[in-house]
Amino acid sequence: MRKLYDVNMRTIGYLQEGAAGGRRVLYDRNYRVLGYYYPAGDKTYDRDMRPIGRGDLLAGLLAPALGK
């Protein structure tokens with residue numbers, strides 16, 4: 001699991017890679033799931049498994065979680 005930092009080196013989230021089928025899971029700084037990316041289907045889903053769009057859009061889920 002990789003830590004994600006802002007420009008001030010504060011932890012803003014975590015990215016877990018290499019799960020089943022190459023799935024990526026994005027967590028906020030409190031380890032709550034924000035979304036999933038499935039490379040086999042090239043689709044991104046939110047925490048409730050609702051489709052967000054095509055491609056890896058996980059970074060776009062971080063800003064709302066940070067309150068920005």
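Please treat every number below as a calculation from the coordinates, not as lab data. Values in this document were obtained by computation on a predicted structure and should not be read as measured data. Neighbour counts are summed over all protein chains in view; Cβ atoms, including those assigned to glycine, are modelled from backbone coordinates with ideal geometry.
A few notes on this one:
- This structure gives mean projected area of the Cα convex hull in nm², computed directly, and of (i) 5.3; (ii) 4.5; (iii) 10.1 that value is listed as (ii).
- Sparse-neighbour loop sites [chymotrypsin sites (Phe, Trp or Tyr not before Pro); region 1-42; at most 16 other C-beta within 10 Å; DSSP]: TYR31
- Secondary-structure-derived ellipticity at 222 nm for the chain, considering helices only, amounts to -1500 deg cm²/dmol, per-run term -39500 (n - 2.57) for DSSP H runs with n ≥ 4.
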